[in-house]
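Student: Structure below; questions to follow.
Values quoted throughout were computed directly from the atomic coordinates according to the rules given, and no laboratory measurement underlies them. If you're wondering where the values come from, they're calculated on a predicted model, not measured in any experiment. For neighbour counting, all protein chains shown are included, and Cβ atoms are generated from backbone atoms with ideal geometry for every residue, glycine included.
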Amino acid sequence: MSEDPYEIEQFKKILEDSKILSCVQCGKCTAGCPAGRQSRIRIRELIHLAQDGVDLKDDPSLWYCTTCYNCQERCPKGVDTTEAVIYLRNRAVRKGDHNFPPLHVTAIKSLRDKGDGFPLSPEVEKIRSIIGLPIRPDDLAHDEKYLKDFTKLIDELGILKLVENKDGEQ
Amino acid sequence: MKNKYSLFPGCISKNMYPSIEKSTRIVFDKIGIELLDHKYSCCPAPGVFRGYDRNTHMTLGVRNIVMASQDDVDVLTICNGCYGSLWEANEMFKKSKENQEFVNEMLGKIGLSYDGNTEVYHFADILHESLDKLKENKELDLGLRVAIHYGCHYLRPSAKHPDLNPEAPHIVEDIVEALGCESVDFKNKLSCCGAGGGVWSGAEDVSLKILDEKLGNVEEANVDCMLNICPFCHLQLDQGQAKLKKYKIPILHLSELIGLAFGVRPKHLAMHTHMVSTRDLEKKIKKAKRSKE
């Protein structure tokens with residue numbers, strides 16, 4: 001690839017797909033934001049900074065959005081605000097953001113190695129058998145061949161490399 | 001309506017709340033819809049994976065859909081997170097040639113490919129199409145006062161349900177009423193539980209504050225239980241109460257409520273796996289009037 005889509009000029013073009021340039025800063029997004037009522041995330045502000053091409057790497061509030069889509073549904077200008085937040089997170093991670101939470105890394109590693117974000121525990125295996133479910137589900141996590149292919153696919157996609165950069169190497 | 005789907009149970013119902021998987025299987029069996037199993041991974045969890053890399057999320061979501069497409073069946077989800085993930089991955093794939101090329105190139109590395117001809121459904125919609133069957137199979141008139149929690153990723157983005165008003169849905173209300181229960185209104189009924197977007201695992205303080213606001217509104221409505229259509233909301237509403245130490249509102253997934261109305265005994269569903277005790281609710285159910293002789 002010749003141009004890195006996460007470099008700011010290219011990235012502004014990606015964000016234009018979310019129609020952020022149509023935003024008139026009316027604030028309806030922030031008014032209906034459940035996370036904004038309980039934390040310092042302000043969707044209106046994030047969109048404004050993104051319009052100006054401000055790098056939102058290292059802004060912890062970027063990770064307080066629950067992606068409830070209230071703002072996007074209610075935006076009178078049709079801006080895909082929630083999608084824009086997701087793009088901004090993708091870029092922040094690419095740029096070596098140091099704010100992403102450690103449990104997210106655990107979940108990504110668990111998915112790669114076990115096929116599930118929340119793996120099965122021996123306690124739940126027991127309950128499953130008591131109520132007449134197969135002790136282990138007939139799923140990818142419990143099929144060696146499928147799990148091996150899956151791990152290969154995740155490695156090809158390279159998501160783990162993004163989070164492993166967290167502790168140091170630039 | 002189809003009589004066969006591939007069940008996508010999702011990590012939380014398989015691995016944390018098997019009562020949800022069990023009751024789903026019982027309910028669909030009773031209404032005459034066959035559920036198949038396939039080699040599914042986590043959907044993958046949209047809050048984390050989409051936030052890190054949209055392409056990874058889309059590709060792994062499509063890999064799951066391919067499992068069902070190989071048997072020429074559509075996917076049935078019982079979780080808003082799984083539904084959101086798989087629906088979104090499917091849409092992204094169908095709408096863009098570039099995405100189709102990317103995903104199929106990646107899937108090709110493990111010998112798979114996708115043609116975009118499989119659909120992803122949410123179980124509440126399928127049950128809503130089967131209201132008559134639900135009434136036929138109902139053994140008990142539960143008579144419970146129920147606070148419905150839809151959860152965000154069933155309602156929004158609203159493109160998922162072109163015929164549904166995301167600010168005034170009625171799908172779950174119709175089902176609850178068909179089961180002989182009362183849907184009780186409460187303040188900010190359609191608001192978020194606080195778990196999504198990676199906030200549950202990433203910013204627990206924010207997640208619990210959002211939950212606290214929601215549960216406070218439910219408490220004022222004086223209900224017998226709170227009902228959800230998403231195991232991840234279920235986890236947040238149930239385990240979150242143990243963390244907040246303020247509320248004791250029993251939490252039921254819709255499959256569990258229907259299972260109970262169909263006369264399945266709570267111990268056969270392992271209801272004791274819930275953090276908030278369902279014992280008072282079970283006592284009330286024991287006294288419920290039989291719908292059939």
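Student: Among B:Ala89, B:Val66, B:Ala124, flag the residue with its Cα farthest along the positive direction of the charge dipole of region B:1-126, charges on Cβ as +1 for Lys/Arg and -1 for Asp/Glu.
Tutor: Most positive-ward Cα: B:Ala124.
Student: At a Cα cut-off below 13 Å, give the aspartates and glutamates reachable from A:Lys109, other chains included and same-chain residues fewer than 8 away excluded.
Tutor: A:Asp155, A:Glu164
Student: Ignore the peptide's own chain and count Cβ atoms of other chains within 10 Å of each Cβ in A:136-144; give me the average, rounded.
Tutor: 5
Student: How would B:Ile20, B:Ile26 line up from fewest to most surrounding beta-carbon atoms within 10 angstrom?
Tutor: B:Ile26, B:Ile20
Student: List the lysines whose alpha-carbon lies under 20 Å from that of B:Lys94, not counting same-chain residues fewer than 8 positions away?
Tutor: Candidates past the 8-residue exclusion: B:Lys160.
Student: Still on this structure, please answer the following. At what distance in angstrom do the alpha carbon centres of region B:1-61 and region B:135-164 lie from each other?
Tutor: Taking the Cα centre of region B:135-164 as reference, the centre of region B:1-61 is 18 Å away.
Student: If you bin the C-alpha pair distances of the protein assembly as shown every 10 Å from 0, what whole percents do you get?
Tutor: The calculated distribution, bin by bin, is 4, 21, 32, 27, 13, 3, 0, 0.
Student: Now for a separate question. Tabulate in residue order the Karplus-calculated ³J(HN,Hα) for region B:37-52, using 6.51 cos²θ - 1.76 cosθ + 1.60 with θ = phi - 60°, rounded to whole Hz; enter x for Gly and Pro.
Tutor: 10, 9, 7, 8, 9, 3, 4, x, 2, x, x, 7, 5, 5, x, 8
Student: Between B:Arg265 and B:Asn188, what length in nm is gained on full extension when 0.36 nm per residue of separation is reduced by their alpha carbon distance?
Tutor: 24.4 nm
Student: Calculated FRET efficiency, A:Lys57 and A:Gln25, Cβ-Cβ r, R0 22 Å, to nearest 0.05?
Tutor: E(calc), rounded to 0.05, equals 0.45.
Student: Also, I was wondering about something else. Provide the per-residue ³J(HN,Hα) series for region B:179-188, in order, calculated from phi with Karplus coefficients 6.51, -1.76, 1.60 and θ = phi - 60°, each as a whole number of Hz, with x at glycine and proline positions.
Tutor: 8, x, 10, 10, 8, 9, 6, 8, 4, 6
Student: Shifting gears a bit: Each label point is 7 Å from the Cα along the Cα-to-Cβ direction; what then is the distance between the points at B:Asp132 and B:Asp72, in nm?
Tutor: Between B:Asp132 and B:Asp72, the label points sit 2.7 nm apart.
Student: What ranking of B:Tyr52, B:Tyr83 emerges when the number of other C-beta atoms within 10 Å of each C-beta is taken as an exposure proxy, fewest first?
Tutor: The order, fewest Cβ neighbours first, is B:Tyr52, B:Tyr83.
Student: Same structure, new question: Using 0.36 nm times the number of residues separating B:Asn217 and B:Asp37, minus their current alpha carbon distance, what extension gain do you get?
Tutor: Roughly 60.9 nm would be gained on extension.
Student: Now for a different question. Please report, in debye to the nearest 20, how large the charge dipole of region B:4-123 is about its Cα centre when each Lys and Arg carries +1 at its beta carbon and each Asp and Glu carries -1 there.
Tutor: The dipole magnitude comes to about 300 debye.
Student: Pick out which of A:Ala50, A:Ala31, A:Ala92 has the largest mean-square fluctuation in a Gaussian network model of chain A, springs linking Cα atoms closer than 10 Å.
Tutor: Result: A:Ala31 has the largest fluctuation of those listed.
Student: Each residue of region B:228-241 in order: what ³J(HN,Hα) in whole Hz does its phi give by Karplus 6.51 cos²θ - 1.76 cosθ + 1.60, θ = phi - 60°, with x for Gly and Pro?
Tutor: Result, rounded to whole Hz: 10, 10, 8, x, 6, 4, 4, 4, 5, 5, 7, 5, x, 5.
Student: Still on this model: Please report the spacing between the Cα centers of region A:83-144 and region A:47-78 in Å, no decimals.
Tutor: Using only Cα atoms, the two centres lie 25 Å from each other.
Student: By a straight-distance test (C-alpha under 18 Å), which aspartates and glutamates pair with B:Lys187 as possible cross-link partners, with residues fewer than eight away in the same chain excluded?
Tutor: Output for B:Lys187: B:Glu167, B:Glu173, B:Asp212, B:Glu213, B:Glu219, B:Glu220, B:Asp224.
Student: If you don't mind, another one. Going by C-beta contacts inside 10 Å, put A:His98, A:His142, B:His149, B:His274 in order with the fewest on the left.
Tutor: Least crowded to most crowded, the residues run A:His98, A:His142, B:His274, B:His149.
Student: Per chain A: cysteines with no other Cys C-beta under 4.7 angstrom?
Tutor: A:Cys23, A:Cys26, A:Cys33, A:Cys65, A:Cys75
Student: If you find the alpha carbon centre of region B:198-215 and of region A:1-32, how far apart are they in angstrom?
Tutor: Cα centres, region B:198-215 to region A:1-32: 27 Å.
Student: Please find, in a Gaussian network model of chain B (springs between Cα atoms separated by less than 10 Å), the residue of B:Val223, B:Val75, B:Val120 whose mean-square fluctuation is greatest.
Tutor: Residue with maximal mean-square fluctuation among B:Val223, B:Val75, B:Val120: B:Val223.
Student: Here is a follow-up. Between A:Val85, A:Val93, A:Val54, which gets the highest mean-square fluctuation from a Gaussian network model of chain A, Cα cutoff 10 Å?
Tutor: In this elastic network of chain A, the residue with the biggest mean-square fluctuation among A:Val85, A:Val93, A:Val54 is A:Val54.
Student: What is the Cα coordinate range of region A:8-94 on the first, second and third principal axes, sorted by size from largest, in whole angstrom?
Tutor: 31, 26, 17
Student: List every residue whose amide H lies under 5 Å from the amide H of B:His161, counting only residues 5 or more places away in sequence or on a different chain, with H placed 1.01 Å from N in the peptide plane.
Tutor: none
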